[in-house]
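> My questions all concern the structure below.
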Amino acid sequence: MRPVDKGAAPKKIYNKYQDAQRDLIERLGAYCSYCELPIQNAPEVEHKEAKAKGGEVLQWEIFLLSCKYCNTRKNDKVAAGEKEKYFWPDEDNTMKLFDYTGGQVVLNDKFLDSSSNETREKAEALLQLLHLDNIPTPKQRDRRYEERLGAWFMAQKYRKDWDLHETSVDLSKFSDCIGDIAKLAGFFTLWIQVFCDCPQVCQAIVDKFPGTRSEFLKEYLPDNK
Ligand SMILES: [Zn+2]
């Protein structure tokens with residue numbers, strides 16, 4: 001899950017929370033803050049703590065962007081004061097929590113096995129809260145898995161191309177091109193996972209996604225890079 005920095009609250013008063021949508025898109029890009037799906041039409045302004053359960057309604061700090069699938073699943077499950085049970089992409093380093101191999105989302109055991117029990121519990125709670133690992137039945141309208149699978153195959157294709165041509169092309173142009181494709185396809189962290197041993201490509205991808213907390217990238221990359 002891409003760790004993001006929304007920046008300081010814009011110097012304006014929102015009359016309704018939906019008015020924050022434009023500022024959030026400008027700061028973070030039009031992606032779901034949770035599943036990282038690119039959102040073509042209308043990303044929803046999401047409240048980390050449910051407004052129906054006592055959460056703040058108009059406070060910048062509580063906002064993220066969400067696709068309708070994540071927002072529907074999360075619903076009003078997080079009441080005011082319950083935020084600490086979970087990790088949040090605008091507060092925590094969420095880069096390593098999940099593994100996106102094969103377009104699926106599972107807990108990243110490689111990281112979590114060497115983390116505290118509390119870290120694992122909060123990662124697990126976040127996964128369950130959003131049903132990020134849902135593989136929809138034909139009757140479900142959840143498009144997250146299908147879109148992520150498409151991004152996975154695309155990232156694999158470009159990874160193969162990178163390995164084939166690494167020594168024979170202009171690497172900065174090629175990296176930039178992969179960054180552009182990732183930006184269109186969405187699912188930032190999946191791309192970073194696929195190119196984790198290619199720092200130049202990772203940096204190009206980071207540069208295309210506004211609001212990414214790039215300081216966390218370094219620890220994601222293998223030690224020797
Ligand atoms: Zn989502």
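> Sum -39500 (n - 2.57) across every DSSP H segment of at least 4 residues in the chain, then divide by the residue count to get the 222 nm mean residue ellipticity, nearest 500.
Dividing the helical sum by the residues of the chain leaves -12000 deg cm²/dmol.
> How would you classify segment 144-220 from its alpha-carbon gyration tensor, with a ≥ b ≥ c the square roots of the eigenvalues: rounded for a/c under 1.5, else prolate if a/b is greater than b/c, otherwise oblate?
It is oblate, given that a/c is not under 1.5 and a/b is not larger than b/c.
> Right, here's the next one. Classify segment 17-130: rounded, prolate or oblate, from the alpha-carbon gyration tensor (a ≥ b ≥ c, eigenvalue square roots; a/c under 1.5 rounded; otherwise prolate if a/b is larger than b/c)?
The shape class here is oblate.
> To one decimal place, what Kirkwood hydrodynamic radius in Å is obtained for the chain from all pairs of distinct Cα atoms?
With all distinct Cα pairs of the chain included, I get 18.1 Å.
> Projecting each Cα onto the charge dipole of the chain (Lys/Arg +1, Asp/Glu -1 at the beta carbon, about the Cα centre), which of Ala182, Asn75, Ala125 comes out farthest on the positive side?
Towards the positive end, the residue furthest out is Asn75.
> For Phe98, which sequence-distant residues (separation of 5 or more, or a different chain) have an amide H within less than 5 Å of its own amide H, given hydrogens modelled in the peptide plane?
Those lying under 5 Å, H to H, from Phe98 are Asn108.
> On to the next question. Could you work out the per residue convex hull volume over the alpha carbons of segment 1-54, in cubic angstrom?
So the per-residue Cα hull volume is 105 Å³.
Every number in this text was worked out from the coordinates using simple rules, so none of it is lab data. Just so it is clear, the model here is predicted, and its values are computed rather than measured. No Cβ is skipped: glycine too gets one built from the backbone with ideal geometry, and neighbour counts run over all protein chains shown.
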